[in-house]
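To start, the structure under review is shown below, and the notes come after it.
The values are calculated or read from the model by the stated rules, or taken from the named source; none is laboratory data. Keep in mind that what you see is a predicted model, and the values were worked out from it rather than measured. Here the Cβ positions follow ideal geometry from the backbone for every residue, glycine too, while neighbour counts run over all protein chains shown. Quick note on the areas: whole protein, heavy atoms, side chains included, nothing else; ligands and nucleic acids left out. Shrake-Rupley method; radii C 1.70, N 1.55, O 1.52, S 1.80 Å.
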Amino acid sequence: KEGGEPSESTAIISKESQYLVDLLYQLTETFHEVLPDKEQDEPKESLENILRTYVTDQVHLNEVPNVLLTSSEKALLMMTLNSLIKNSLQYEATQIQLSCYIQPEEYRIIVSDNGVGMNKKQLQLYGTAASGNSLRNSTGLGVFFLKQILDIFDWTITAQSEEGVGTR
């Protein structure tokens, strides 16, 4: 709508999305209360083994630091990568690069692609309920929900993009 006011459908999507986020948060809290903390003793899997499962002709992997992940970290990472790689392919990427960096108290896994990229307005809306693209048959809710779930676990997702060049 004109004047920056959200449309009625955007308002409904935002309201329903917030309801789903609240529900996910409640389920996560219940999950942590009901299950014992078994991750301390469970076997861990290397980050490199997890990332290698994504390597194809289109998806390439840089050197990976030696890091071990718990099963819940692995599940969260795979959900994130599945969503981001799907988006890269949906937006015409022919090459996708996975890179990893370790900093104190922080791991960075970067997904870079050579897809169509986003303009400044699309980049501002990235991760919101209003970021869909009707030309690509996309609601934009995938990244929105992913961002909400990652926030629950104190993980973050950001994007840098240039239209016609790609997204990172």
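Below is a table of values for the structure above.
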{"quantity": "Criterion violated by E63 - all others in (1) of a type in the set (D, E); (2) over 17 Å from the mean Cα position of the chain (by Cα); (3) at pLDDT 85 or above; (4) within 22 Å of L150 (Cβ to Cβ) satisfied", "calculated": "(4)"}
{"quantity": "Inter-residue pairs, beta-carbon under 8 Å, first aliphatic (A, V, I, L, M) and in the stretch 109-126, second at pLDDT below 80 and open to solvent by less than 40 Å² (accessible area, probe 1.4 Å), 6+ apart", "calculated": "L125/S131; L125/G140"}
{"quantity": "Condition check for D37: among the acidic types (D, E), at pLDDT 90 or above, in a loop (DSSP other than H, G, I, E, B) and out of contact with any helix residue (DSSP H, G or I) (no Cβ under 6 Å at 6 or more places or on another chain)", "calculated": "no"}
{"quantity": "Residues (farther than 15 Å from V111 by Cβ and of a type in the set (S, T, N, Q)) located in the stretch 66-82", "calculated": "N66, T70, S71, S72"}
